[in-house]
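Undergrad: This structure is in structure tokens; I'll ask about it shortly.
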Amino acid sequence: FSTNIKAIAPTNESKFLRGGAISLGKTTFNGTAFAGQHIGGNGYVVGGDLLYRQALFKIGVRAVSVFQVDTDGKAATCTIFSSHKTRSVIVGTDYQVILHHQLLFGECAVNSTGKIGLIQGTLLTLSPITQIGILFRHYDPSFNSPIGNAFAASSPIQGETGCYLTGHGIISKCCEMDVYYDYYRNTCLTYRTDIPSSGMDLGASIQYILNRDTKLIIKYLYKNKEQNSSNGIYYRTIDEFNRHKLRTVITFLPFKYIKLTTELDG
């Protein structure tokens, strides 16, 4: 959740609310309360948060209650691990600490059934030209956040445990490199997967400045995922799918007001 109230103007407003909100306080301590209805839906949301902030430390507490109105006399559609209730309550806390130029951050939320969703991460500066990040996540199979937007490889936000690693390095004054690795395990059923499964994402990107007006970017992505077998008898039969993707982008500025981009994907 965001502590500040922000105006929105998207083309798709299905994830946002129509209602009211108020924010009070100063830089050190402030709070927000809000209530509204999902645009185009039958759900109502009430919640608020409190935030305490210092120069190198901040901690916040949030609470949200979601009410789903049944207008057709039928129960709301839920996944196999979800609770068949039209009301969901989520309470959570988050923190951020800066220690010797290293950043520690995390968030933990608990729903009305006592199930936990957890994120814990750190950003480490190994040298002036090298940084790494580590993010661990765990969402209980019975954890469910109807309006949550957490870091995850699949949706909804439940039944997933994973570790995400990322790194950034400056190779030279003209060249930078970014890499990441993400491994996750799903204990819930996901799209096109009938049993618990696992997956892995791997990527690397190199940005090279050829001259003042020309820049070259090369990206490589690899995805490994378990899905239902494509042999026609797919129930509880899992195959491993691999995907490689390579992208090359060249950007050239021949004049101040003209930008030319050439992109090749494979």
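The values are calculated or read from the model by the stated rules, or taken from the named source; none is laboratory data. Computed from a prediction, not measured in an experiment: that's the story for all the values here. Reconstructed Cβ throughout: ideal geometry from the backbone, glycine too, with neighbour counts over all protein chains shown. Remember, those area values only see protein heavy atoms, side chains included, never the ligands or the DNA or RNA. Shrake-Rupley method; radii C 1.70, N 1.55, O 1.52, S 1.80 Å.
Undergrad: In the range 174-206, which chymotrypsin sites (Phe, Trp or Tyr not before Pro) are in a loop and have at most 11 other Cβ atoms within 10 Å, using DSSP for the loop call?
TA: Tyr191
Undergrad: Tell me which aspartates and glutamates have Cα within less than 15 Å of Lys223's Cα, excluding those fewer than 8 residues away on the same chain?
TA: Lys223 reaches Asp182, Asp201, Asp239, Glu240.
Undergrad: Moving on to the next point. For His244, His100, His138, write out the residues from largest to smallest accessible area, computed with a 1.4 angstrom probe and no ligands counted.
TA: Solvent-accessible surface, decreasing: His100, His244, His138.
Undergrad: Please report the relative contact order for the range 115-167, taking Cα pairs under 8 Å with a sequence separation of at least 6, and give it as a percent rounded to a whole number.
TA: Value for the range 115-167: 38 percent.
Undergrad: Could I ask something else about it? So how exposed is Cys163, as accessible area in Å² (1.4 Å probe, rounded to 10)?
TA: 50
Undergrad: Return the distance in nm (one decimal) between the two label points of a simple spin-label model at Asp213 and Gln120, each offset 7 Å from Cα along Cα→Cβ.
TA: Simple spin-label model gives 5.3 nm for this pair.
Undergrad: Just grab the label-to-label distance for Ile98 and Arg18, each label 7 Å out from Cα along the Cβ direction, in nm (one decimal).
TA: Once both label points are built, they end up 4.2 nm from each other.
Undergrad: Next question. How large a share of the accessible area of the range 136-266, in percent, is made up of carbon and sulfur atoms when the probe is 1.4 Å and the other protein chains stay in place?
TA: Of the solvent-accessible surface of the range 136-266, carbon and sulfur hold 58 percent.
Undergrad: Moving on to the next point. Using only protein heavy atoms and a 1.4 Å probe, report how much of Phe105 is accessible, in Å² to the nearest 10.
TA: Answer for Phe105: close to 60 Å² accessible.
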